[in-house]
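The values are calculated or read from the model by the stated rules, or taken from the named source; none is laboratory data. Keep in mind the model is a prediction, meaning the values are calculated, not measured. Positions of Cβ are backbone-derived with ideal geometry, glycine not excepted, and every protein chain shown enters the neighbour counts.
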């Protein structure tokens with residue numbers, strides 16, 4: 001029920017009751033009845049003062065609606081049990097003093113006991129019924145609040161359990177990657193090293209050396225992925241740190257001689273750029289070189305990295321491919337992930353073909369958050 005209706009309906013009932021029952025009794029009775037009706041809109045803010053203000057209206061026979069509504073409000077919103085009991089007793093007393101106590105004197109001489117009990121029970125019911133109803137409604141409201149709290153607690157518990165399951169699964173996956181995949185790659189590296197030493201053919205030796213270098217690099221990446229998977233756990237993983245801009249020269253050198261680089265990074269004495277920025281820049285260059293190697297093998301690649309108006313600008317572009325693209329598996333999410341990484345740092349990333357048949361990737365990242 002709307003608030004205005006809940007507040008106004010008892011007032012209307014009390015006013016109509018006053019006019020019908022007391023309209024011809026005189027100004028004092030009518031004023032008392034209308035005053036009791038007029039204070040009812042304030043009953044939720046001041047339950048007890050409103051109840052006390054409506055008690056005089058009980059002296060008027062059969063005029064009880066205002067006091068009943070006020071007593072119900074006390075029982076509904078006042079959590080003190082003694083206050084509810086006191087209000088109920090006051091309503092019973094004020095109702096019995098003028099009536100039916102005055103009429104009970106006439107029955108005491110030769111009245112039937114059942115009639116006396118009925119008259120007294122009328123006043124008791126006048127105080128007991130609204131108090132009981134108010135307590136019932138309040139108890140139901142409290143139970144609903146506790147049920148909502150229980151549901152919120154259960155939802156929070158389910159979220160915690162889901163996070164725990166996810167953390168457990170990530171830890172299991174990290175162990176499998178570290179113990180199984182990393183072990184297999186280590187064996188490849190060891191066998192390639194043995195082949196490099198034992199081989200007498202120069203081409204075989206060069207191929208074995210390249211396999212060993214790639215295996216070592218793959219192991220480093222695997223260790224980094226394991227560190228990320230274990231990041232939700234407590235304590236140090238003891239694994240290799242994440243790459244920064246200081247690792248770019250090594251990355252470019254390993255990518256091949258057809259890559260030229262113009263890197264402008266802070267020296268050791270200057271202020272260092274934030275680590276999240278350096279990791280993002282490294283991954284952007286790494287993904288760009290990987291894409292160039294897959295889609296334009298053998299084509300010249302140029303990498304430019306430097307500060308541009310308080311932003312780190314990264315440009316990686318390659319010429320048109322000189323050989324068919326390599327058929328290598330791809331998840332198709334590399335550039336999308338780089339865009340999300342750049343956006344998370346407040347930067348931008350654009351990539352697309354150039355008029356000459358090549359490809360260009362440009363990223364701009366703010367140097368300071």
query = If you take the residues of the stretch 336-351 that are at negative phi and out of contact with any helix residue (DSSP H, G or I) (no Cβ under 7 Å at 6 or more places or on another chain), which of them is modelled with the lowest pLDDT?
reply = 337
task = Could you tell me which of the residues 143, 63, 101 is assigned by TED's automatic domain parsing to the domain that holds residue 38 and modelled with pLDDT of 75 or more?
result = 143
request  = Look at the stretch 348-365 and say how many of its residues are without any contact (Cβ under 8 Å) to a residue 60 or more places away in the chain and over 12 Å from residue 317 (Cβ atoms).
outcome  = 2
Residue, surrounded by the most Cβ atoms within 10 Å (Cβ to Cβ), within the stretch 68-82, restricted to residues that are free of Cβ contacts under 8 Å to residues at least 40 places away in the same chain and assigned to a helix (DSSP H, G or I) = 70
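Sort out which residues of the stretch 353-369 are part of a loop (DSSP other than H, G, I, E, B) and touching a strand residue (DSSP E or B) at 6+ places or on another chain (Cβ under 7 Å), and write them in order of number. Steps first, answer last, please.
Step one: list which residues in the stretch 353-369 are part of a loop (DSSP other than H, G, I, E, B), which gives 354-358, 367-369.
354, 358, 367 - these are the residues of the stretch 353-369 that are part of a loop (DSSP other than H, G, I, E, B) and touching a strand residue (DSSP E or B) at 6+ places or on another chain (Cβ under 7 Å).
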